[in-house]
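Since the structure comes first, as structure tokens, the remarks are kept for the end.
The values are calculated or read from the model by the stated rules, or taken from the named source; none is laboratory data. Keep in mind it's a predicted model, so treat the numbers as computed, not measured. Cβ atoms come from the backbone with ideal geometry, glycine included; neighbour counts cover every protein chain shown. Ligands, DNA and RNA are excluded from the accessible area calculation, which covers all protein heavy atoms including side chains. Shrake-Rupley method; radii C 1.70, N 1.55, O 1.52, S 1.80 Å.
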Amino acid sequence: MAVSTTIDKVAPDKTPDKTGPRRPVVYRSLSSDRKWALRWSYFFLVLFCIFFLMPPVYMLITSLKTSAEISADPATTNPWWVYKPTLENYVELLTSSQFLTFFKNSIIVAVSTVIITMLIAIPAAFSLARMKFWGSTTLATGVFLTYLVPDTLLFIPLFKMLATLRDWTGIELFNRWYVLLVIYPTLTVPFCTWIMIGYFASIPKELDEAAIIDGATWWQTLTKIFIPVALPGLIAATIFAFTVSWAQFLYPLAFTTSNDQLVLPVGIISSLIKGDVFNWGQIMTGALLGAAPPLIIYAFLMDYYIAGLTAGATKG
Amino acid sequence: MADVTLRKLVKMYDQVQAVKGIDLEIKDKEFVVLVGPSGCGKSTTLRMIAGLEEISGGQILIDDDVVNDVPPKDRDIAMVFQNYALYPHMTVHENMSFGLRLKKFPKAEIAKRVGEAARILDITELLERKPKALSGGQRQRVAMGRAIVRNPKVFLFDEPLSNLDAKLRVQMRIEIKKVHQTVRTTTVYVTHDQIEAMTLADRVVVMNGGVIEQVGTPQELYHNPRTRFVAAFIGSPSMNFVPCRLESHADQLAVRISNEIAFFMPEQKAARYKKLSGDGQLLLGLRPEHLTDMRQHMEPGCVPFDAQLEVTEPMGMETFVYFKMNGADMCGRVNPNAGALDGGPLKMAADLNNMHLIDAKTGLVL
Ligand SMILES: Nc1ncnc2c1ncn2[C@@H]1O[C@H](COP(=O)(O)OP(=O)(O)O)[C@@H](O)[C@H]1O
Ligand SMILES: [Mg+2]
């Protein structure tokens with residue numbers, strides 16, 4: 001790299017044809033180049049940090065204000081400052097049984113979705129990556145394509161399907177949190193399967209051949225070799241599935257209505273917005289509290305997650 | 001401990017025949033090496049023995065049992081792969097004991113076998129390490145250890161040394177030979193490197209284009225190759241071939257290479273080739289070590305000729321000389337003190353006691 005840069009810089013100077021206008025060649029040391037690259041990176045990093053942290057900071061500020069302070073005239077007071085900080089909003093939400101129900105529903109739904117997703121995606125990915133059967137490549141592509149269909153397009157057909165299913169089976173499927181356990185996997189399974197196919201495909205073929213010769217069944221090869229070896233990918237997929245089901249808004253809005261069945265994102269909106277009255281303090285508090293579980297999970301699994309996103313590319 | 005028999009073994013990939021009906025008998029305790037150029041079907045053959053590849057035709061027998069439809073785990077074989085295929089998340093001990101643990105061996109027995117194999121391979125201190133923390137040679141040992149602990153009927157090796165550097169390869173080659181002398185398990189070993197084949201094998205199987213060209217001990221293959229392919233493949237630098245015809249002169253037989261060059265054959269060779277006289281396109285095959293510098297006292301059967309050298313390669317112990325004989329590229333091995341110089345002339349001798357005559361059309365050694 002160093003050599004080629006020098007050559008690039010020197011070469012124009014040495015060309016015998018000197019008719020055209022020429023830029024003066026500036027000789028700079030590599031370390032000064034690097035220093036400037038670093039300065040620019042930090043400049044943009046800081047810029048992006050400010051840009052992306054602005055909304056959560058504003059949420060935090062708002063959540064610490066009283067209703068009166070929130071509605072104060074911005075001409076006379078600075079909205080970016082809390083004059084009389086209070087934990088009132090937090091206390092009120094955390095003691096409200098309704099909010100706790102939303103929270104509980106969200107956790108049950110998200111955790112169950114992750115489990116269901118993994119139970120489907122891992123064996124699916126394993127068979128698509130390893131067991132060559134008729135149509136397996138087409139199927140793998142198909143799995144990916146389903147992920148490309150936006151969920152906004154799907155919820156009406158899904159609604160119809162569930163209605164038919166309810167009429168057949170007699171099981172009530174609407175306005176029940178457990179219907180989300182059937183619906184969310186339609187979002188998470190394709191993507192997680194696709195991630196895991198990539199991971200499993202990057203495991204050398206000889207590894208499962210060695211396991212088979214050692215006497216492992218397909219199932220043992222999966223549980224004792226593939227899952228441990230592809231653990232970073234598995235964790236990446238888990239985080240993805242959790243985040244998607246935690247943040248899902250459209251489907252629960254369409255499929256659940258009564259307060260005891262709602263999950264957090266819908267619950268906050270429907271219980272804290274009364275007509276055109278927005279209880280901003282509590283909405284912001286609820287949103288912040290709702291953002292906590294994914295944050296905590298990211299914090300714990302971040303190393304794995306990053307390793308997971310980058311690993312498949314190279315053999316490690 | 002077992003025999004392995006291949007009968008008319010065929011492997012088809014779609015419409016392409018990768019293995020074209022080979023017959024081979026491997027005796028108990030034997031070390032057999034399958035050798036041949038890349039793509040000749042060695043790995044495919046080995047993988048069919050392992051059960052990793054379906055058999056398209058013919059039979060494989062292990063100990064007189066047809067195993068065509070027996071899954072790999074029930075064939076009682078162990079395989080060592082080119083890239084070692086160690087389980088990256090397990091320690092060396094866990095890697096070696098994986099098969100035994102799956103078969104629910106008692107703990108004490110596992111510990112005993114792993115300890116024993118580790119001792120044979122000298123990896124006792126590495127047992128708690130993960131593969132990532134091992135060098136190439138150590139990984140190779142662990143891969144062998146994993147095969148040994150299972151105490152299988154047959155060891156299968158697929159180019160196990162190809163990922164190692166030249167020096168380590170020589171070292172591990174000797175290691176593998178020692179291990180075989182210790183455990184005496186029937187072994188099928190695949191390589192494209194003829195030196196590996198010659199040094200390791202009890203018997204070498206030379207394959208080419210999906211068929212077996214010749215089976216024999218290293219010495220047999222070296223001295224009595226049956227085809228031009230085997231003659232050229234075994235030995236390094238490889239055998240020289242130069243077009244020639246036979247001429248009878250009274251009671252003597254000569255190979256004529258050009259109008260200027262002809263060699264009279266020694267008697268025992270003349271007797272062998274007498275019937276052929278005259279017709280047919282022939283190739284004279286001579287190994288480099290049988291094209292030497294002219295010395296004071298030459299054995300009977302060594303005939304002198306003048307060579308105009310193109311390039312010389314001093315190897316220390318000897319010097320390789322490259323020259324042309326009637327247009328054909330030749331390589332000879334001469335004494336470093338023979339005065340061989342790039343572009344210089346050299347008085348040389350061809351040892352016709354070790355000559356081969358090959359039918360240029362069929363490629364068969366006559
Ligand atoms: N899975 C496969 N599908 C199609 N052709 C294959 C496959 N594996 C090997 N072949 C072909 O079979 C022939 C023999 O391959 P192989 O046994 O791997 O050769 P080698 O002697 O180098 O080990 C080659 O021509 C190769 O292209
Ligand atoms: Mg091969």
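A:Glu206 contributes about 60 Å² of solvent-accessible surface, heavy atoms of the protein only, 1.4 Å probe.
Taking A:Thr138, A:Thr86 and ordering them by how much accessible surface each has at a 1.4 Å probe, largest first, produces A:Thr138, A:Thr86.
All C-alpha to C-alpha distances of the range B:222-359, sorted into 5 Å bins beginning at zero, yield P(r) values of 2, 10, 20, 23, 21, 14, 6, 3, 0 percent in whole numbers. Based on alpha carbons, the Rg and Dmax found for the range B:282-353 are 11.3, 35 Å. For a modelled paramagnetic label at A:Phe300, 7 Å from Cα along Cα-to-Cβ, the residues of the range A:210-235 in reach, with backbone nitrogen under 15 Å, are A:235. Rolling a 1.4 Å probe over the protein heavy atoms leaves B:Thr292 with an accessible area of roughly 20 Å².
Here the range B:1-16 is scanned for amide nitrogen atoms under 18 Å from the site 7 Å beyond the Cα of B:Val66 along Cα-to-Cβ, giving B:4-12.
Per residue, the solvent-accessible area of the range B:194-313 (1.4 Å probe, heavy atoms of protein chains only, all protein chains present) comes to 49 Å². Average 1/r across all pairs of distinct alpha carbons in the range A:81-206, invert it, and you get the Kirkwood radius: 17.8 Å.
Calculate what fraction, in whole %, of the accessible area of chain A sits on carbon and sulfur atoms when a 1.4 Å probe is rolled over the protein chains. List each step's numbers first, then the result.
Details: 13550 of 18820 Å².
Carbon with sulfur: 72 percent of the solvent-accessible area.
Positive end of the dipole of the protein assembly as shown (Cβ unit charges, origin at the Cα centre): among A:Trp219, B:Pro152, B:Val255, the Cα lying farthest that way belongs to A:Trp219. Summarising the label geometry, the points placed 7 Å from Cα in the beta-carbon direction at B:Lys361 and A:Ile115 lie 7.9 nm from one another. Within a straight-line Cα-Cα reach of under 26 Å, A:Lys35 can be paired with the following lysines, leaving aside sequence neighbours fewer than 8 residues apart in one chain: A:Lys9. Here A:Lys65 is the anchor, and the lysines within straight C-alpha reach of less than 17 Å, apart from those fewer than 8 places off in the same chain, are A:Lys84. Here chain A is assigned +1 on the Cβ of each Lys and Arg and -1 on the Cβ of each Asp and Glu. Its dipole about the Cα centre then comes out at about 1060 debye. The range B:328-355 to the range B:143-177: how many Å between their Cα centroids? Result: 38 Å between the Cα centres.
Dipole size of the range B:4-233 about its Cα centre, with +1 on Lys/Arg Cβ and -1 on Asp/Glu Cβ: approximately 620 debye, rounded to the nearest 20. PRE reach from A:Phe249 (point 7 Å along Cα→Cβ): which of the range A:31-60 fall under 18 Å by backbone N? Answer for this model: A:52-60. Take every pair of alpha-carbon atoms less than 8 Å apart whose residues are at least six positions apart; their mean separation over the length of chain B yields a relative contact order of 15 percent. A Förster distance of 25 Å, applied to the separation of the beta-carbon atoms of B:Asn326 and B:Asn224, puts the FRET efficiency at 0.45.
Kirkwood hydrodynamic radius, the range B:47-144, all distinct C-alpha pairs: what's the number in Å? 15.0 Å is the Kirkwood radius here.
Past 20 Å, Cα to Cα: identify those pairs from B:Lys73/B:Lys103; A:Lys205/B:Lys42; B:Lys29/B:Lys107; B:Lys42/B:Lys167; A:Lys160/A:Lys274; A:Lys205/B:Lys73, in the order given.
Values: B:Lys73/B:Lys103 10 Å; A:Lys205/B:Lys42 18 Å; B:Lys29/B:Lys107 29 Å; B:Lys42/B:Lys167 25 Å; A:Lys160/A:Lys274 30 Å; A:Lys205/B:Lys73 17 Å.
As for pairs spanning more than 20 Å Cα to Cα, those are B:Lys29/B:Lys107; B:Lys42/B:Lys167; A:Lys160/A:Lys274.
Accessible surface buried by the A/B pair amounts to about 1600 Å², both sides summed, 1.4 Å probe.
Could you bin all the Cα-Cα distances of the protein assembly as shown into 20 Å bins starting at 0 and give me the percent of pairs in each, rounded to whole numbers? Going from the shortest bin to the longest, the percentages are 13, 29, 28, 20, 8, 2, 0. Rounded to 0.05, the FRET efficiency of the A:Val82 and A:Ser41 pair, given R0 = 41 Å and the Cβ-Cβ distance, is 0.75.
Relative contact order, percent, of chain A when contacts are C-alpha pairs under 8 Å separated by at least 6 residues?
On the way: 276 pairs, mean separation 82.0, N = 316.
The normalised contact order for chain A reaches 26 percent.
How much length is gained if the chain between A:Val91 and A:Leu53 is pulled fully straight, taking 0.36 nm per residue apart and subtracting their Cα-Cα distance, in nm to one decimal?
Numbers: separation 38, 0.36 × 38 = 13.68 nm, distance 2.47 nm.
Extra length from A:Val91 to A:Leu53 when fully extended: 11.2 nm.
Equivalent-ellipsoid semi-axes for the range A:96-310 (Cα gyration tensor, √(5λ), whole Å, largest first): 36, 21, 14. Calculated on the Cα set of chain B, radius of gyration then Dmax: 24.8, 81 Å. Where the alpha-carbon atoms of the range B:98-173 are placed on the principal axes, they occupy 40, 27, 19 Å, in descending order.
Evaluate 2.2 N^0.38 Å with N set to the residue count of the range B:107-255, then give the Cα radius of gyration divided by it. Can you show the working numbers first?
Numbers: Rg = 20.9 Å, N = 149, 2.2 N^0.38 = 14.7 Å.
Ratio of Cα Rg to 2.2 N^0.38 Å: 1.42.
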